[in-house]
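Reading through the structure tokens given below for one structure.
The values are calculated or read from the model by the stated rules, or taken from the named source; none is laboratory data. Model, not experiment: these values are computed from the prediction. Note: ideal-geometry Cβ built from the backbone for every residue, glycine included; neighbour counts use all protein chains shown. The accessibility values were calculated without ligands, DNA or RNA, using every heavy atom of the protein model including side chains. Shrake-Rupley method; radii C 1.70, N 1.55, O 1.52, S 1.80 Å.
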Amino acid sequence: MDKLVIRGGRRISGSVTASGSKNSSLPIIASTLLTGNGTFTLHRIPDLKDIKTFTQLLHHLGAETTFADNTLKVTTDKVTSILAPYELVKKMRASIYVLGPLLARFGHARVSLPGGCAFGPRPIDLHLMAMEKLGAQITIETGFIDAVAPNGKLHGAHIDFPISSVGATGNALMAAVLAEGTTTISNAAAEPEIVTLCKFLIAMGASIKGTGTTELEIEGCQSLNATEFHNVFDRIEAGTLLAAAAITGGEITVNGVEPEQLKSVLKKFVHAGCSVETTKNSVTLKSSGKLLPTNITAKPYPAFPTDMQAQWIALMTQAEGTSHITDKIYHERFNHIPELNRLGANIEIRKNQALVHGPKTLSGTKVMSTDLRASASLVLAGLVADGTTEVLRVYHLDRGYEKIEVKLKSLGADINRETYKEF
Ligand code: EPZ
């Protein structure tokens with residue numbers, strides 16, 4: 001197993017390019033299942049565990065892929081199975097993204113129910129509601145979702161999501177593009193990852209109106225084609241790297257990211273006392289190291305993203321006062337807090353709100369990763385802690401960050417990956 005060994009106290013400064021977005025790659029790769037016409041060439045796909053898991057799932061279904069230099073080629077003309085097995089789905093809940101495309105193309109999908117995850121239940125009722133609206137008959141048996149489209153075709157519908165869901169919006173889009181007739185989606189997620197998915201589906205020949213808004217209209221078509229596509233950069237990785245400079249009093253330029261996609265986060269960095277300058281595709285942040293307490297509430301886009309909540313809590317341990325951090329998307333996404341407190345932070349949890357009392361000098365020790373963004377927050381804390389911090393079980397981090405220790409080392413961090421054995 002791997003750990004990251006960090007000796008704190010070094011300023012994070014310099015220039016780095018973000019990797020491709022994990023959370024837009026996954027629905028894009030799932031969408032390749034919608035057609036067997038040709039080979040997809042997908043650029044700027046990050047080399048991550050979650051991507052490997054997803055391509056394993058595609059292989060299981062019969063697709064063929066090659067991956068080199070962050071370019072993924074996918075051919076799905078020989079897809080023969082519609083079964084997504086438990087062994088793969090339990091490794092990554094985003095496997096649920098194959099439900100819509102398999103149902104749309106083959107009229108049948110059999111997907112293992114995804115597990116929960118470290119920060120609470122992750123229901124899929126909205127995914128199933130959307131598929132049923134489009135005409136699917138769904139049964140849940142022996143831990144599987146079995147979805148069948150009568151006479152093999154879905155039909156257009158009006159889907160009105162009671163709450164904003166990135167995944168359910170993605171599945172609804174991928175199912176609707178081959179349905180007979182028009183589908184409208186109200187209260188659709190408008191996250192940049194959904195915008196990118198819409199652009200990809202349109203590049204495949206789909207007809208989608210309202211991209212970037214919460215009201216989408218899809219005109220189903222007979223068939224789609226493979227295409228070449230450049231994925232967007234990862235806005236959450238970019239935000240995490242900016243936080244590394246903010247917490248260590250450094251200066252960083254992150255290239256590739258579109259500032260608009262991180263607007264709510266950049267605003268909060270300014271409130272916290274950092275200076276932020278942007279160009280069309282880069283962000284430069286400068287921090288004096290003195291940070292002001294800054295409250296955040298994680299909500300659907302364009303509000304502050306829940307995927308930056310853990311990183312923000314780590315940052316606020318160094319702010320001069322108390323910060324209120326509320327997560328309205330995942331009320332229990334606070335597993336990082338006990339580990340941050342073991343480093344010497346003073347953070348209270350009250351229901352879905354954390355009160356971070358700063359500034360607190362952190363002292364390095366061994367800390368345990370519990371999920372992807374929690375492990376990122378522990379790395380940030382380690383960068384500023386006195387002494388040595390060992391972040392264990394970094395397989396969590398490897399799910400969503402491509403060579404993060406290489407990037408941080410190039411920016412001045414004293415950080416190394418080492419293997420270790422657990423008792
Ligand atoms: C996506 O998860 C992201 N994952 C998550 O990022 C991100 O935190 C989340 O969106 C919110 O932005 C990927 O894109 C692979 P949701 P998703 O459906 O689609 C509730 C990371 O760190 N809900 O938008 O699963 C749900 O419980 C990961 O990269 C239902 O009630 O999230 C939550 O409260 C973690 N029923 C809210 O909606 C459903 O059927 C938003 O969840 C689906 C969701």
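Structure data summary
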item	result
Tally of residues being open to solvent by 30 Å² or more (accessible area, probe 1.4 Å) and assigned to a helix (DSSP H, G or I) across the range 81-97	3
Within the range 124-165, considering residues that are touching a residue at least 12 places away in the same chain (Cβ under 8 Å) and at positive phi, the one surrounded by the most Cβ atoms within 10 Å (Cβ to Cβ)	Gly135
Boolean, Glu64 is without any contact (Cβ under 8 Å) to a residue 40 or more places away in the chain, more than 22 Å from Asn231 (Cβ to Cβ) and open to solvent by 20 Å² or more (accessible area, probe 1.4 Å)	no
Near pairs, Cβ below 6 angstrom, 6+ apart or cross-chain, from the range 329-351 (on the phi < 0 side of the Ramachandran plot) to any residue that is within 16 Å of the ligand (Cβ to nearest atom) and open to solvent by 30 Å² or more (accessible area, probe 1.4 Å)	His331/Asn352; Asn335/Ala118; Asn335/Thr370
Meets criteria (open to solvent by less than 10 Å² (accessible area, probe 1.4 Å), within 30 Å of Leu315 (Cβ to Cβ) and among the β-branched types (Val, Ile, Thr)) for Thr248	no
Subset of the range 259-291 (residues that are part of a helix (DSSP H, G or I) and farther than 21 Å from Thr306 by Cβ)	none
Subset of the range 98-137 (residues that are more than 23 Å from Glu332 (Cβ to Cβ), in contact with a helix residue (DSSP H, G or I) (Cβ under 7 Å, 6 or more places away or on another chain) and in a helix (DSSP H, G or I))	Val98, Leu99, Gly100, Pro101, Leu102, Leu103, Ala104, Arg105, Ala130, Met131
Matching residues, the range 67-80, being open to solvent by less than 80 Å² (accessible area, probe 1.4 Å) and without any contact (Cβ under 8 Å) to a residue 24 or more places away in the chain	Ala68
Residue match in the range 84-97 (condition: more than 16 Å from the ligand (Cβ to nearest atom), under 21 Å from Ile194 (Cβ atoms) and touching a residue at least 24 places away in the same chain (Cβ under 8 Å))	no
Yes/no for Leu242 being more than 16 Å from the ligand (Cβ to nearest atom), open to solvent by less than 20 Å² (accessible area, probe 1.4 Å) and more than 22 Å from the chain's Cα centre (by Cα)	no
Residue check, Ile140 out of contact with any helix residue (DSSP H, G or I) (no Cβ under 6 Å at 6 or more places or on another chain) and hydrophobic (A, V, I, L, M, F, W, C)	yes
Within the range 292-344, tally of residues that are open to solvent by less than 10 Å² (accessible area, probe 1.4 Å), assigned to a loop (DSSP other than H, G, I, E, B) and over 30 Å from Val195 (Cα atoms)	2
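One line per residue, one yes/no per condition, for (1) in contact (Cβ under 8 Å) with a residue 24 or more places away in the chain; (2) open to solvent by 10 Å² or more (accessible area, probe 1.4 Å); (3) within 16 Å of the ligand (Cβ to nearest atom):
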| site | (1), (2), (3) |
| --- | --- |
| Val177 | yes, no, no |
| Glu180 | yes, yes, no |
| Thr184 | yes, yes, no |
| Ala189 | yes, no, yes |
| Ile194 | yes, no, yes |
| Cys198 | yes, no, yes |
| Gly205 | no, yes, no |
| Thr213 | yes, yes, no |
| Glu217 | yes, yes, no |
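For every residue, the table says whether it meets (1) in a helix (DSSP H, G or I); (2) within 16 Å of the ligand (Cβ to nearest atom); (3) touching a residue at least 12 places away in the same chain (Cβ under 8 Å).
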{"position": "Leu355", "(1), (2), (3)": "no, no, yes"}
{"position": "Pro359", "(1), (2), (3)": "no, no, yes"}
{"position": "Val367", "(1), (2), (3)": "no, no, yes"}
{"position": "Arg373", "(1), (2), (3)": "yes, yes, yes"}
{"position": "Val379", "(1), (2), (3)": "yes, yes, yes"}
{"position": "Thr389", "(1), (2), (3)": "no, no, yes"}
{"position": "Leu397", "(1), (2), (3)": "yes, yes, yes"}
{"position": "Gly400", "(1), (2), (3)": "no, yes, yes"}
{"position": "Val406", "(1), (2), (3)": "yes, no, no"}
